[in-house]
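Report on the structure given below.
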Amino acid sequence: MEGQEITTTGCGRCGTEISGVNGRYACGNCGWVNHWSEGHTELPAYDPVGDLPLGGHPRT
């Protein structure tokens, strides 16, 4: 989890103090979520293969 930073702000809708990771937030009080592009860092590139096991389906 290198490069992850817990950040805190006021909710954009109801003002509740909320915390998120690298400037990305979701309010559990009213459901407000900030846009992904408002984060403090670049998101990792999409990898359609990812960390899937040999069977090709994620473990549940």
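Since every read-out is calculated from the coordinates, none of them should be taken as a lab result. Everything numeric here is computed off the predicted structure, so don't read it as measured data.
Given H placed on each backbone N at 1.01 Å, which residues far from residue 24 in sequence or on other chains put an amide H within less than 5 Å of it?
40
Taking amide H positions as placed 1.01 Å from N in the peptide plane, with prolines and chain starts having none, which residues 5 or more places from residue 32, or on another chain, fall under 5 Å of its amide H?
Hits under the 5 Å cutoff: 27.
Using the Karplus curve 6.51 cos²θ - 1.76 cosθ + 1.60 with θ = phi - 60°, what ³J(HN,Hα) values do you get for each residue of region 25-31, in whole Hz, with x for Gly and Pro?
10, 9, 8, x, 7, 10, x
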